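Written below as structure tokens is the structure these notes are about.
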Ligand SMILES: [Zn+2]
């Protein structure tokens, strides 16, 4: 049985948290380290319609709010994060299973509520 979409989003957030523990993440908007931990939010980098993991970027809560619906060009921080996240997901058996689910149903909005 495939994971429910809420589990899918929760699992993605768990992965991003563990990445942050291994090596503190930088904000893709201001490119500064995200500290304290509570400032971490997941930004829809290229707009809210795209819920793939490739569209998730770590950002300070205040940077994310200031950015709103603007679409910013990629930068070294955002490109490096996407590469690192996809490498993590490729090694994750739970994620591989969940990829069989309808990914368009995965909602990154859930990430910021949990
Ligand atoms: Zn920031």
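For residue 79 and residue 94 in the same chain, what is the full-extension length gain: residue separation times 0.36 nm, less their Cα-Cα distance, in nm?
Working: separation 15, 0.36 × 15 = 5.40 nm, distance 2.40 nm.
Contour length minus Cα-Cα distance gives 3.0 nm.
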Would you mind calculating the gained length between residue 87 and residue 33 on full extension (0.36 nm times residue separation, minus the Cα-Cα distance), in nm to one decimal? 17.4 nm
Say each of residue 66 and residue 23 gets a label point 7 Å from the Cα, pointing the same way as Cα to Cβ; how far apart are those two points in nm? 2.6
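What is the order of 92, 50, 43, fewest Cβ neighbours within 10 Å to most? Spell out each step's value before the answer.
Values: 92 16, 50 13, 43 24.
Listed from fewest to most nearby Cβ atoms, that is 50, 92, 43.
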Give me 33, 46 ranked fewest to most by other Cβ atoms within 10 Å of their Cβ, as a rough exposure proxy. 33, 46
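Bear in mind that the values in this text are calculations on the coordinates, not laboratory data. Treat the numbers as computed from the prediction; the structure is a model and nothing was measured. Note: ideal-geometry Cβ built from the backbone for every residue, glycine included; neighbour counts use all protein chains shown.
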